[in-house]
Amino acid sequence: MTARFDAVGLVVSDMAASVTFYRRLGFAFPEGAETAPHAEAVLPGGIRLLLDTEESVRSFHPGWRPPTGSGRASLALLCDRPEEVDALYEDLVGAGHQGELKPWDAVWGQRYAIVNDPDGNGVDLFAPLPSAQ
């Protein structure tokens with residue numbers, strides 16, 4: 001038996017808000033996903049991003065409760081250029097999403113920022129700095 005990495009799943013409190021957020025980042029959720037209890041977007045390379053509503057998860061795991069405290073997981077999105085990090089961050093924050101960490105030139109050689117999705121999951125935006133390439 002061989003297990004292989006296939007998907008990242010997130011439990012969301014508001015499917016429409018989450019689908020809208022991730023579509024802004026280029027995830028191709030199908031039409032109607034905003035009202036579904038489960039939605040999937042296939043990413044380049046075949047990995048999928050899965051979104052499930054809290055109600056959907058409770059349908060098969062009645063004892064499930066949303067986590068409390070700070071998030072422990074994040075998604076990281078590679079941008080082509082440092083300017084894209086800034087533009088994407090501004091676009092998301094301008095659309096009302098919480099900016100966790102404004103774009104900055106990190107000591108490890110990347111332009112780096114963090115925006116939170118509607119459920120508070122961190123979405124890291126990064127691109128190599130020209131001096132690091």
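The values are calculated or read from the model by the stated rules, or taken from the named source; none is laboratory data. Bear in mind the structure is a predicted one, so any value in this text is a computation, not a measurement. Every residue, glycine among them, receives a Cβ derived from its backbone with ideal geometry; neighbour counts consider all protein chains shown. Please note that ligands, DNA and RNA were not included when accessible areas were found on the heavy atoms of the full protein model with its side chains. Shrake-Rupley method; radii C 1.70, N 1.55, O 1.52, S 1.80 Å.
Observations, loosely collected:
- Total residues in the stretch 3-41, condition farther than 20 Å from Leu88 by Cβ, assigned to a loop (DSSP other than H, G, I, E, B) and touching a Lys or Arg at 6+ places or on another chain (Cβ under 9 Å): 1
- Given (1) in a helix (DSSP H, G or I); (2) of a type outside the set (Asp, Glu); (3) open to solvent by 50 Å² or more (accessible area, probe 1.4 Å), number of the condition Pro44 does not satisfy: (1)
- Residues located in the stretch 41-63, provided they are among the charged types (D, E, K, R) and either farther than 13 Å from Val12 by Cβ or more than 16 Å from the chain's Cα centre (by Cα) (or both): Arg48, Glu54, Glu55, Arg58
- Exclusive hit being over 13 Å from the mean Cα position of the chain (by Cα) and closer than 26 Å to Ser131 by Cβ, set Pro66, Pro103: Pro103
Conditions (1) open to solvent by 60 Å² or more (accessible area, probe 1.4 Å); (2) farther than 17 Å from Gly26 by Cβ, marked per residue:
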| position | (1), (2) |
| --- | --- |
| Arg81 | yes, no |
| Glu84 | no, no |
| Gly96 | yes, yes |
| Leu101 | yes, yes |
| Arg111 | no, yes |
| Ile114 | no, yes |
| Val123 | no, no |
